[in-house]
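Let me begin by presenting the structure, written as structure tokens, before commenting on it.
The values are calculated or read from the model by the stated rules, or taken from the named source; none is laboratory data. No experiment lies behind these values; they were computed from the predicted model shown. Heads up, the Cβs are rebuilt from the backbone with ideal geometry, glycines too, and the neighbour counts pull from every protein chain shown. For accessibility, only protein heavy atoms count, side chains too; no ligands or nucleic acids. Shrake-Rupley method; radii C 1.70, N 1.55, O 1.52, S 1.80 Å.
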Amino acid sequence: MKIIKRLGIALITVLTITSCSDNFFDVNDDVNNPTFSTPELSLPSAQKRTVDLLSGDYNSMNTLGNLWTYTWAAAGDFAYFEDETTYRVTSAFRPTTFQNAYIQALANYDYVEKNVDPKYSNYKAIAMIMKAYHFQYLVDLYGDIPYTEAFNRANNPKPKYDDAQTIYNDLIVKLTAAQNLIANPSSTAVAVGNYDIMCGGDMGKWAKFANTLKLRILLRQVPKLSPDFSSVNNGIGFLGAGETVYANPGYINLVSGKQNPFYNGFKINDAGTVAANANATRATPYGVSRFDNSDPRKPLYWLTVAGGYPTIDQNGIGGLPATSLSGIGNGILKSSTMPGIIMQSAESFFLQAEAVERGLITSSGTAKSLYDQGVQEAFNQVGAGSADVLLAGPYAYGGTQPQNIERIFRQKFIANMSTNGIENWIEARRIEPTGANAIPVAKNQANVPYGPNIPVRLFYPTSEYSANGANVPTLVSGDQFTKKVFWDN
């Protein structure tokens, strides 16, 4: 039975901090004062908000990441994505990325984690893992953020901003604690079942997801820092073949507010018409060039036009119209009821491959075998068949360590392209790809770059400066290109 039917329309919570236009789960808790909820209500609500924030509509993190990694552009007859592709980053730029992470997703996860009834120990572990998932992204986007005092604004309306590296270190501690809770649940623990719209209550998969998230957190600090990888060598393992973490609250075709939000925003909306973003969003030369011409994923990622893939550069005002350009393919936007992607199994294998290549973890597989499996998982994700021919040819693993790291980056980039663009933007700052892999910097019509490099951070929203100005780090124009987070310095 779909979770939406189980919860029913009667399960409505008062939300005083923010309102939401969709009514999929009206169970958001006020960040200051959860007036009515239970873990059974708040967990799926939080998970649904995670999908919305990560890969929902125009304002999603996925959209921003695909623009800042130069894989998406606006068609010549659409004035879209202008702030993003001219790098106009201010405190008014995409404020909901910060606000919704705290008010919608994290507030609900925090409520679940702090429930004292021991029967909810599995819920608690899931909430701890998902809090770490969100906090890593917040650090990667902003640096220092509210952490230890983040969820008590009723009594402390001006929480301190914690040091980004200290937060990162604590996320490993919290994920380990969640894994221990999964291994040693309360004697009265109830199964989460379908109230978990990501893993269906499979706690073994949650333990592996936590380990994979640890590996992502640790690798994010490499090569500039040298974190301790011992916490992932625990026998739990990582997300394996076919173990992509999805989220699906029971998406319904052509029902208002209940289609997959990415599909609804970039393919066919719930009124049954082509979404405006679908017409506007087109492939760039860089996005198409990531694929070898013989790669069967290419026509699944990008729509063919007259047998080819015509592209447009960002800010291509006066360029080709949308009808003459390649858009997002059907291997990405599959259906209105497709699940949202939280972390692909392909990414798990690429993380492992890099860690083994660098000698940072022990593994039963070689870097090459893990890389090969990652490529195959990425093929499977879009229904592209076997990767064997390409793995024996243009995508073959082998060479110097820097060459192999670049190979891993490229294939992980392809795997996340159009579905988790924010991960690609963050990783491009860490790996700093070179040559053909280097991310282009957006330019104007006079061929002048809009910055010295792609942006390296977001600014805190105006609401934070208004409510908590004494604690919010000061940023000035130009800092989007130079004021890096700790692992990028």
message = Rounded, prolate or oblate for the chain? Axes are the square roots of the Cα gyration tensor eigenvalues, ordered a ≥ b ≥ c, and the cut-off for rounded is a/c under 1.5.
response = rounded
task = Return the subset of 124/205; 131/205; 174/205; 48/158; 258/298 for which the Cα-Cα distance in this structure is over 21 Å, preserving the input order.
result = 48/158; 258/298
query = How much FRET efficiency would the formula 1/(1 + (r/R0)^6) give for residue 83 and residue 170, where r is the Cβ-Cβ distance and R0 is 22 Å, rounded to 0.05?
reply = 0.10
Per-pair calculated FRET efficiency, R0 = 45 Å: residue 337 and residue 306 via Cβ, rounded to 0.05 = 0.90
ask   = When all alpha-carbon pairs of segment 62-165 are counted, what percent fall beyond 21 Å?
value = 48
ask   = What is the local net charge at residue 231, summed over the other residues whose Cβ is closer than 13 Å to its Cβ (Lys, Arg +1; Asp, Glu -1)?
value = +1
note = Quick calc, segment 331-434, dipole around Cα centre from Cβ unit charges on Lys, Arg (+) and Asp, Glu (-), nearest 20 debye, gives 100
request  = Can you tell me the order of 246-259, 434-447 when each peptide is scored by its average per-residue count of other Cβ atoms within 10 angstrom, highest first?
outcome  = 246-259, 434-447
ask   = Taking the Cα-to-Cβ direction at residue 466 and at residue 392 and moving 7 Å from each Cα, how far apart do the two end points lie in nm?
value = 6.3
request  = Run the dipole for the chain about the Cα centre, Lys and Arg Cβ at +1, Asp and Glu Cβ at -1, nothing else charged, and hand back the magnitude in debye, nearest 20.
outcome  = 260
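Using the Cα centre as the reference, give the magnitude of the dipole from point charges on the C-beta atoms of segment 396-489 (Lys, Arg: +1; Asp, Glu: -1; all else neutral), rounded to the nearest 20 debye. Don't skip to the end; give the middle numbers.
Values: 9 positive and 7 negative charges, 35 e Å.
Once rounded to the nearest 20, the dipole reads 160 debye.
Where does the charge balance sit around residue 333 when Lys and Arg score +1, Asp and Glu -1, over other residues with C-beta under 15 Å from its C-beta?
After counting each charged neighbour, the total is +2.
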Where the chain is the region considered: accessible area per residue in Å², 1.4 Å probe = 36
remark   = Given Cβ charges of +1 for Lys and Arg and -1 for Asp and Glu, the option among 465, 451, 436 whose Cα lies farthest towards the positive end of the dipole of segment 410-489 is 436
key: Cα centroid of segment 113-159 to Cα centroid of segment 297-314, whole Å   = 41
task = Starting at the first residue of segment 245-254, write each ³J(HN,Hα) from the Karplus equation 6.51 cos²θ - 1.76 cosθ + 1.60 with θ = phi - 60°, in whole Hz, x for Gly and Pro.
result = 8, 9, 9, 8, x, x, 4, 10, 5, 6
note = Note: probe point = Cα of residue 289 + 7 Å toward Cβ; backbone nitrogen < 17 Å; residues of segment 391-420 passing the test are 407, 410-411, 413-414
ask   = Between residue 158 and residue 330, what FRET efficiency follows from the Cβ-Cβ distance if R0 is 60 Å, with the result rounded to 0.05?
value = 0.80
note = Expressed in angstrom and rounded, the centroid-to-centroid distance over alpha carbons for segment 445-489 and segment 367-411 is 34
inquiry  = Using a 7 Å offset from the Cα along the Cα-to-Cβ direction at both residue 183 and residue 276, what is the distance between the two label points in nm, to one decimal?
reply    = 5.2
message = If I model a spin label at residue 90 and residue 234 as a point 7 Å from the Cα along the Cα→Cβ vector, what separation in nanometres do I get?
response = 4.5
inquiry  = If you roll a 1.4 angstrom probe over the protein chains with everything in place, what fraction of the accessible area of the chain belongs to carbon and sulfur, to the nearest %?
reply    = 53
